[in-house]
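J.: I'd like to ask you about the structure that follows.
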Amino acid sequence: MWWDERVSARFRRNLQPTLTYWSVFFSFGLCIAFLGPTLLDLRCQTQSSLSQITWVFFSQQFCLLLGSCLGGVFKRTLSQSLFALFASSLAISLVFAIIPLCHNVVVLAVVMAVAGLAMGCIDTISNMQLVKIYQKDSAIFLQALHFFVGFGALLSPLIADPFLSDTNCILSNSTANASSNLPHIRKSLVPHHPGNLSHYDLPMKGMVVTRVSYAFWIMALINLPVPIAVFLLLYKERMVPCFNGSSHPLLSADELALETQPVEKEEPPTTAQRPRAAEGHDDLFSCCQSKNFRGASYTYFAVHITGALVLFMTDGIVGEYSGFIYSYAVEEPLSVVHKVAGYLPSLFWGFITLGRLISIPVSYRMKPATMVFINVVGVLVTFLLLLIFSYSVVFLFVGTASLGLFLSSTFPSMLAYTEDILQYRGCATTVLVTGAGIGEMVLQLLVGSIIHDQGSYSFLVCGMIFGGLAFTFYAFLLFFHRMYPKPSSDLDDASPDKPAVMDDTGQYQR
């Protein structure tokens, strides 16, 4: 194996929980990407207007953000975390099964809000648990975790595609002209920005003919093994109510030797780490309590804030680029054919998934700080070249692929880097997940408004500005990292042969 024996031993010992968290993140990805391509069929099912149906986007995104903030509440014990993941993954399967039964847009928005809450809890808890298990070795496992969300996000549109309507799915006397523009309308729909499509007359009354229900039922079945996997982990850890006690698997002789190597005594934590030493990660609201701020230096807060701001920008770029790249391509000066422009969002997400797969082995050889630096510089340079060659359709495709690669590993690398700075005692996971979620929602709305007022060229200008801000905030994070007080045992911890301390033996703990 291309990693050392110590990391391999930790992975083998935590194999079931690790695979479970990866599978739960696959469920997250499956749920996050289906709404865009199926929205027109759901509009027919609910017999609503384009303006009304795009509120379903907003309800999902807003509740995803809320779920990310609240996810840390269930992190206090392992049993709470696993029960929350079981409920969330089961809720996603139920949502897939219930969506075909929603014939009112308000009911559909409520169902998608439930899905958003479940996705937010999954996002926060899965990241937190992997960081807790692997700590200084967590970078590679976080990269794999985020590969699975990309894989799920690629799979759900492929499942939905055979069942999407080729013509308008509400039959009436006025469907002929609208049906010819249906693929263009489908590609142009983004959260709460149907304004540029208002000139298309889509009927709201008539006979509904759509087969999209089959796609949702298939996704419900595909997702069903995920809550089963979480339940099996609960059963193994004897956390199901009808079982008591606990049983941890015995270690092999080689693993036991690795875990019982002499560990030098760690110095008491400095004042910067003391506020979170007892409680570890927590939910966003608990993190903001004044009792947690006593004795903390300004660098403690600065690391949290700058790390969140970097992800606010980079995840915001992912949201706004995937949402508006099609609309930008079909407008002047490029005027790309609708069918060809439709490949751009798929190319973008495909290279994000490919980049996450490549980042799994790379993250073992390269420090998270270096990976984030390459990512933010790559994003900035790509947007600069896109602006320079703004009249080239070929470079638009090349730039889209490049941007997907550079953005792919930013979140897991930043999470691993920030948690390492804070010695796994801050609120980095919750704050960073929340910052990323806010950025993805806010920047998409902001860019949509700017494009509507200033024209399509502003799309690349906004991306360039956001990339520059991400690089600036990352430079501040590096500065605050140098200023952040370190315990005297950090030099010892840097040794690759020494297992992580911080009350962690690499064993899956309650």
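J.: Could you list, in sequence order, all residues of segment 49-78 that are in a helix (DSSP H, G or I), open to solvent by less than 40 Å² (accessible area, probe 1.4 Å) and small (G, A, S)?
T.: S59, G67, S68, G71, G72
J.: Any idea how many residues of segment 47-84 are within 15 Å of V442 (Cα to Cα) and aliphatic (A, V, I, L, M)?
T.: The total comes to 3.
J.: Being modelled with pLDDT of 90 or more and either farther than 28 Å from S59 by Cβ or open to solvent by less than 40 Å² (accessible area, probe 1.4 Å) (or both) narrows it down to one residue among F459, F383; which is it?
T.: F383
J.: Tell me yes or no: at least one residue of segment 21-38 is surrounded by 19 or more Cβ atoms within 10 Å (Cβ to Cβ), closer than 22 Å to I98 by Cβ and more than 18 Å from the chain's Cα centre (by Cα).
T.: Yes, the conditions are met somewhere in segment 21-38.
J.: Any residue in segment 116-135 that is within 14 Å of T38 (Cβ to Cβ), open to solvent by 10 Å² or more (accessible area, probe 1.4 Å) and either β-branched (V, I, T) or touching a Cys at 6+ places or on another chain (Cβ under 8 Å) (or both)?
T.: no
J.: Go through segment 381-417 and give me each residue that's among the β-branched types (V, I, T) and closer than 19 Å to G29 by Cβ.
T.: If the condition is that a residue be among the β-branched types (V, I, T) and closer than 19 Å to G29 by Cβ, then T410 is the only one that fits.
J.: A further question on this structure: G437 - would you say it is open to solvent by less than 10 Å² (accessible area, probe 1.4 Å) and in the same structural domain as V303 (by the TED database)?
T.: no
J.: Separate question: Find all pairs meeting these conditions: Cβ atoms under 6 angstrom apart; at least six residues apart or on different chains; first residue within segment 311-338 and under 20 Å from M371 (Cβ atoms); second residue of a type in the set (S, T, N, Q).
T.: T314/T410
J.: Would segment 11-25 turn up any residue that is at pLDDT 80 or above and closer than 22 Å to G439 by Cα?
T.: yes
J.: Taking the condition assigned to a helix (DSSP H, G or I), open to solvent by 10 Å² or more (accessible area, probe 1.4 Å) and either in the same structural domain as V447 (by the TED database) or free of Cβ contacts under 8 Å to residues at least 40 places away in the same chain (or both), does I374 pass?
T.: Yes; evaluated as a whole, the condition is true for this residue.
J.: Going through segment 96-115 one residue at a time, which ones are within 20 Å of the chain's Cα centre (by Cα) and buried (at least 23 other Cβ atoms within 10 Å of the Cβ)?
T.: Result: F96, M112, A115.
J.: Same structure, new question: So which pairs qualify, if the first residue must be in segment 213-234 and more than 30 Å from L78 (Cβ to Cβ) and without any contact (Cβ under 8 Å) to a residue 60 or more places away in the chain, the second must be part of a helix (DSSP H, G or I) and among the aliphatic types (A, V, I, L, M), the Cβ gap must be under 9 Å, and the two must be at least 6 apart or on different chains?
T.: Cβ pairs passing all conditions: I218/I159; I218/A160.
J.: For L94, indicate whether it is more than 29 Å from G355 (Cα to Cα) and not β-branched (V, I, T).
T.: Here the answer is yes, as L94 does meet what is asked.
J.: Return the total of residues in segment 405-433 being at pLDDT below 90, within 12 Å of the chain's Cα centre (by Cα) and open to solvent by 10 Å² or more (accessible area, probe 1.4 Å).
T.: Qualifying residue count, segment 405-433: 0.
J.: Show the residue pairs meeting these rules: Cβ distance below 7 Å; 6+ apart or different chains; first residue within segment 410-431 and among the basic types (K, R); second residue assigned to a helix (DSSP H, G or I).
T.: R425/R276; R425/A277
J.: Moving to a separate point now. Going residue by residue through segment 235-258, is there one that turns out to be surrounded by 14 or more Cβ atoms within 10 Å (Cβ to Cβ), at pLDDT below 75, in contact with a Ser or Thr (Cβ under 6 Å, 6 or more places away or on another chain) and not assigned by the TED database to the domain that holds H103?
T.: The answer is no, given that none of the residues of segment 235-258 is surrounded by 14 or more Cβ atoms within 10 Å (Cβ to Cβ), at pLDDT below 75, in contact with a Ser or Thr (Cβ under 6 Å, 6 or more places away or on another chain) and not assigned by the TED database to the domain that holds H103.
J.: Another question, then. How many residues are among the small types (G, A, S) and touching an Asp or Glu at 6+ places or on another chain (Cβ under 6 Å) if we restrict to segment 65-90?
T.: 2
The values are calculated or read from the model by the stated rules, or taken from the named source; none is laboratory data. Computed from a predicted structure; not experimentally measured. Heads up, the Cβs are rebuilt from the backbone with ideal geometry, glycines too, and the neighbour counts pull from every protein chain shown. Keep in mind that these areas ignore ligands, DNA and RNA; they rest on the heavy atoms of the full protein, side chains included. Shrake-Rupley method; radii C 1.70, N 1.55, O 1.52, S 1.80 Å.
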